[in-house]
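Student: Sharing a structure, written as structure tokens. Questions coming.
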Amino acid sequence: MESVVASVMSAVGTIMGYSLAGFGIGIGVLGSKIAEAVGRNPEVKNEIVSSLMMIMIILSIFILLMFAFCFMLLFFNPFVS
């Protein structure tokens, strides 16, 4: 019983760590590409920033869903009877 709970806790920590690391790397790459695009075409800055905000909102929703899934595994664990 304790080994199942420990394994689930370890898996949840790994899931959260990898997802947040991937989120951070993705935002960094996205920011660099946005800076390049605005540097090449400064007149379309407003359109680029609005599309960036839409992408950020969608990514934030996915991160919140991941947190909900991890907390569901922690508190309503189907593997522990």
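The values are calculated or read from the model by the stated rules, or taken from the named source; none is laboratory data. Not measured: the values here are computed from a predicted model. Counting neighbours? That spans all protein chains shown, and the Cβs are built from the backbone with ideal geometry, glycine included. What goes into the accessible areas is simple: the full protein's heavy atoms, side chains included, and nothing from ligands, DNA or RNA. Shrake-Rupley method; radii C 1.70, N 1.55, O 1.52, S 1.80 Å.
Student: Name the residues in region 62-78 that are in a helix (DSSP H, G or I) and open to solvent by less than 90 Å² (accessible area, probe 1.4 Å), would you?
Tutor: Correct list: 63, 66, 67, 68, 70, 73, 74.
Student: Next question. Looking at 54, 16, which is the one that is in a helix (DSSP H, G or I) and surrounded by 11 or more Cβ atoms within 10 Å (Cβ to Cβ)?
Tutor: Matching residue, one of 54, 16: 16.
Student: Residues 45, 33: which one is under 19 Å from the mean Cα position of the chain (by Cα), open to solvent by 70 Å² or more (accessible area, probe 1.4 Å) and charged (D, E, K, R)? Spell out how you get there, then give the answer.
Tutor: On the way: 45 fails: under 19 Å from the mean Cα position of the chain (by Cα).
Only one candidate qualifies: 33.
Student: Moving on to the next point. Quickly run through region 40-81 and pick out the residues that are of a type in the set (Val, Ile, Thr) and over 21 Å from residue 27 (Cα atoms).
Tutor: Scanning region 40-81 gives a single hit, 80.
Student: Just for region 1-10: of the residues that are open to solvent by 50 Å² or more (accessible area, probe 1.4 Å) and in a helix (DSSP H, G or I), which one is modelled with the lowest pLDDT?
Tutor: By that ranking, first place goes to 2.
Student: Also: Conditions: (1) farther than 23 Å from residue 2 by Cβ; (2) in contact (Cβ under 8 Å) with a residue 12 or more places away in the chain. Residue 43 meets all but one. Number of the miss?
Tutor: Of (1) farther than 23 Å from residue 2 by Cβ; (2) in contact (Cβ under 8 Å) with a residue 12 or more places away in the chain, only one is false for residue 43: (2).
Student: Also, I was wondering about something else. For the structure I just gave you, tell me whether residue 27 is farther than 30 Å from residue 71 by Cα and either part of a helix (DSSP H, G or I) or small (Gly, Ala, Ser) (or both).
Tutor: So residue 27 fails the test.
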